Amino acid sequence: MPHASALPAILLKSTLLVLFAGYTAHRFQRVSLLLVLGVVLGYQVLGTLGEWAMKGDFYLAAQDFRFGLPGMALQVVGGYLVIKHLIRK
């Protein structure tokens, strides 16, 4: 369970992910690695800016980019594969 002080940033990034994914799905009505990459980068960048505004420390806010690149790559590839699988079913 994340620490209570981390919950606002998690909620912000989760909300941004839903908004970016929903807009992208509605706008393009197809799936590609590039679109999934755009969604992940979009919510991470805006989420980092929002987290920076909340915490007041850019170094802490940019932690996802410093440590989370493998996780972001997994989100892109895994998300793409899951979406393609769901579309085919």
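The values are calculated or read from the model by the stated rules, or taken from the named source; none is laboratory data. Everything numeric in this text was worked out from a predicted model, so none of it was measured. Cβ atoms come from the backbone with ideal geometry, glycine included; neighbour counts cover every protein chain shown.
Here are some notes:
- Residues of segment 10-55 satisfying the condition of being free of Cβ contacts under 8 Å to residues at least 12 places away in the same chain, among the small types (Gly, Ala, Ser) and more than 27 Å from Arg88 (Cα to Cα): Ala53
- Which listed residue, of Leu34, Leu7, Leu12, is modelled with pLDDT of 95 or more, more than 14 Å from Met72 (Cβ to Cβ) and out of contact with any Leu (no Cβ under 9 Å at 6 or more places or on another chain): Leu34
- On inspection, Phe28 passes the criterion of being exposed (fewer than 14 other Cβ atoms within 10 Å of the Cβ) and of a type in the set (A, V, I, L, M, F, W, C).
- Within segment 76-89, being out of contact with any Leu (no Cβ under 9 Å at 6 or more places or on another chain) and either surrounded by 15 or more Cβ atoms within 10 Å (Cβ to Cβ) or among the β-branched types (Val, Ile, Thr) (or both) holds for Gly79, Val82, Ile83, Ile87.
- Qualifying residues in segment 39-67 (those that are on the phi < 0 side of the Ramachandran plot and not in a helix (DSSP H, G or I)) - the one surrounded by the fewest Cβ atoms within 10 Å (Cβ to Cβ): Asp57
- Residue check for Val45: of a type in the set (Val, Ile, Thr) and in contact with a helix residue (DSSP H, G or I) (Cβ under 7 Å, 6 or more places away or on another chain): no
- Residue that is nearest to Ile83 (Cα to Cα), among those in segment 1-38 that are part of a helix (DSSP H, G or I) and among the charged types (D, E, K, R): Arg27
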